[in-house]
Amino acid sequence: MKSALRFVVAVMVLLFARPAAATIEYHISLKNPEQHEFHVSMQVSASETDQEIIVALPAWNALYQVRDFAYRVGSVRANTPTSPSSNALSVQKLDKQTWRISLPNSALRAAEINYTIEWDDPGPFNSQLDAHHAFVNFAEVLMYLPTRRAEQTAVQFDDVPQGWRIVAQLPAGPAANSFKADSYDKLVDAPAELGKFDEFGFAEGGAHFRVIVDGKNWRHDRLQTYLQRITKYELQLMGSAPFSEYTFFFHFGPYPEVGGGGMEHANCTAIASSSVEGAGATAAHEFFHSWNVKRIRPQTLEPVDYTKEMYTRALWFAEGVTSTYGAYTLERTGLWTKDQFYGDLAGQISELDSRPAHSWQSVEESSLDAWLEKYDDYRQPDRSISYYNKGQIDGVLLDLAIRGATDNHRSLDDVMRRMNEVYAKQGRFYNDSQDVEAAAEEVAGVKFDDFFRRYVAGADEIPYQDFFSAAGLELKVEMHKSADLGFWTTGHGPGAPVIVSQVVPGTSAQAAGLKAGDMLVALDGQPVPRYLPGWLHNRSPGERITLRVHRDDNDLDISFALGANDSKRYSIAEMASVSEKQRRIREGWLKGTTD
């Protein structure tokens, strides 16, 4: 195994460690932003022996989804920088995301590559250019040289609208509106915000924090309180800041549940939310990614392959346990009450239990299948569980198990700090769940093979009370009737039609005449919500709804009563009588301390 690893490392050195003598320069023009097109000019030098230059645009970035950004690219042209009009170079497309520029003349030692790419999608996982602002995830806009990713890069914004400012968590370049990076990978790990945004900053733990805010209906004092408490606690938890400066990018607007969210980067994060409270909760998760996933990183995600899926079994830890610490941070800083923390954890358990797939899909398998999440059918409860959801639960249970086994002398916090020391600070990557298990066993001094076999690699039913009793807690359950639509849909992306994919036999929706293939036009006279399960939470069984559907070139109104689902609703309560050990473990767990 070690010899194979050395071979892989040697190959990657040959591919990506070319001396950073040449600089790859980008110019991004924002001329006519209302057209939503970035005009990109890319200048690339060549060696004396190069006969061609190969460039490509990533197929994925940010989300674990192949989104094929190249479909947005306009015509690709190339010429020599010195005489562009008379020295056009041959451009040949090799596949959906790769182009070859020929250098027939040995005297030609550089090429200028020009193209346009259209983006007008809000949110932290996309890029956007409009008359109001620009947000740029560089991997979605800038091509790269597959064999020269380690070379120094520079990017300059041109034709910037009057009054706009620019922020990116990158070193400033020599010219106005320019930035530089040591490699393409570092460049694309730092998005840029351009526009007339608000900005403030603060210092914490020896680091400086910048806060960039685009949008309205937010309170400076409230947002700063959230961020200062979150950063202070997580920096203390992990011991120190792995950066000297960090930037929070916030977009406040009418983001539905599926339209907001956050995206982590090594030294910054981008967050979209409709409220300060939602933004703060997301920040607690995203900021912890500064360690977990960006630096405490699985080997299966390194080096990044922008051309295809990268499969890992560790997203339950990289994302799910990060959610564990997002909730811990909110509770331990007082941003959440204890009851809110208990309620969130009970809600996570309710969510997992409500998905029939939890009986057969493990959280490791859910991690592997992350690339299927772009398909609506895959996200149905009988098809999958979420590695965020079960990963968060597993993080809590492992923490309680460690505290119980060590009489509250060790915790999951010690595991995170150990992995930070052994992997992040040493520039090493861990081997998925195997190394997480090893770190937990090293910290606690006991074996956790049964836990990882049954609840991480396996899909055994979790005996929650066995874990919660260590902290003097009870998991209570009551039956609950919730509203049911009686049908499933596909197509919830921006601008995508919402199509009925399946109507459940025997439901009132079927009796009313709803059919698979119907396109939903309106619901009770209003636009169809982008997230129907969220809309359904506020409805009751038996409530009548009216759907307007488009079928065979006709619009039809279909009315029926919502059905009912029997589901379990969990809650967490503190036992009335506990031992001294249970009390210590519970207090340590809630406060983030050990004895």
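The values are calculated or read from the model by the stated rules, or taken from the named source; none is laboratory data. Treat the numbers as computed from the prediction; the structure is a model and nothing was measured. Positions of Cβ are backbone-derived with ideal geometry, glycine not excepted, and every protein chain shown enters the neighbour counts.
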Taking Ala134 as the residue in question, decide whether it is buried (at least 22 other Cβ atoms within 10 Å of the Cβ), closer than 29 Å to Ser273 by Cβ and out of contact with any strand residue (DSSP E or B) (no Cβ under 7 Å at 6 or more places or on another chain).
no
Quick one: in region 379-421, which of the residues that are in contact with a Lys or Arg (Cβ under 7 Å, 6 or more places away or on another chain) and surrounded by fewer than 18 Cβ atoms within 10 Å (Cβ to Cβ) is nearest to Ala457 (Cα to Cα)?
Pro381
Would you check which residues across region 272-323 are over 15 Å from the mean Cα position of the chain (by Cα) and either under 27 Å from Asn217 (Cα atoms) or among the small types (Gly, Ala, Ser) (or both) and list them?
Ser274, Ser275, Val276, Glu277, Gly278, Gly280
Do we have Val415 as of a type in the set (A, V, I, L, M), in contact (Cβ under 8 Å) with a residue 60 or more places away in the chain and either not in a loop (DSSP other than H, G, I, E, B) or not assigned by TED's automatic domain parsing to the domain that holds Gly320 (or both) here?
no
Checking the structure you have, find out if any residue of region 128-138 is assigned to a loop (DSSP other than H, G, I, E, B) and within 29 Å of His208 (Cα to Cα).
yes
Would you mind stating whether His409 is touching a residue at least 40 places away in the same chain (Cβ under 8 Å), closer than 28 Å to Met575 by Cα, not hydroxyl-bearing (Ser, Thr, Tyr) and not assigned by TED's automatic domain parsing to the domain that holds Gly320?
no
Modelled with pLDDT under 95 and crowded, with 18+ Cβ neighbours inside 10 Å: does that describe Thr80?
yes
Can you name every residue in region 157-185 that is exposed (fewer than 14 other Cβ atoms within 10 Å of the Cβ), among the hydrophobic types (A, V, I, L, M, F, W, C) and under 29 Å from the mean Cα position of the chain (by Cα)?
Ala172
Test result for Asp376, within 30 Å of Pro497 (Cβ to Cβ) and not aromatic (Phe, Trp, Tyr):
yes
Among Gly347, Gly427, the single one that is surrounded by fewer than 19 Cβ atoms within 10 Å (Cβ to Cβ) and within 18 Å of Tyr325 (Cβ to Cβ) is Gly347
Mind telling me which of the residues Arg428, Arg379 ends up being of a type in the set (Lys, Arg) and within 21 Å of the chain's Cα centre (by Cα)?
Arg379
Could you list, in sequence order, all residues of region 50-109 that are hydrophobic (A, V, I, L, M, F, W, C), part of a strand (DSSP E or B) and without any contact (Cβ under 8 Å) to a residue 40 or more places away in the chain?
Ala78, Ala88, Val91
For region 94-125, what are the residues that are out of contact with any helix residue (DSSP H, G or I) (no Cβ under 6 Å at 6 or more places or on another chain), polar (S, T, N, Q) and modelled with pLDDT of 95 or more?
Thr98, Asn114, Thr116
Where in region 479-595 are there helices (runs of 4 or more DSSP H), lying fully within it, with 2 or more residues that are free of Cβ contacts under 8 Å to residues at least 12 places away in the same chain and either surrounded by fewer than 16 Cβ atoms within 10 Å (Cβ to Cβ) or more than 30 Å from the chain's Cα centre (by Cα) (or both)?
580-591
What residue, of Leu345, Leu412, is among the hydrophobic types (A, V, I, L, M, F, W, C) and closer than 30 Å to Glu302 by Cβ?
Leu412
The lone exception for Val213 - which of (1) assigned to a strand (DSSP E or B); (2) assigned by TED's automatic domain parsing to the domain that holds Thr23; (3) aliphatic (A, V, I, L, M) it fails
(2)
Just checking: which of the helices (runs of 4 or more DSSP H) contained wholly in region 273-381 hold 3 or more residues that are in the same structural domain as Met416 (by TED's automatic domain parsing) and in contact (Cβ under 8 Å) with a residue 40 or more places away in the chain?
321-332, 338-353, 363-368
Being part of a loop (DSSP other than H, G, I, E, B) and modelled with pLDDT under 90 is the filter here; which residues of region 1-45 pass it?
Met1, Ala17, Arg18, Pro19, Ala20, Ala21, Ala22
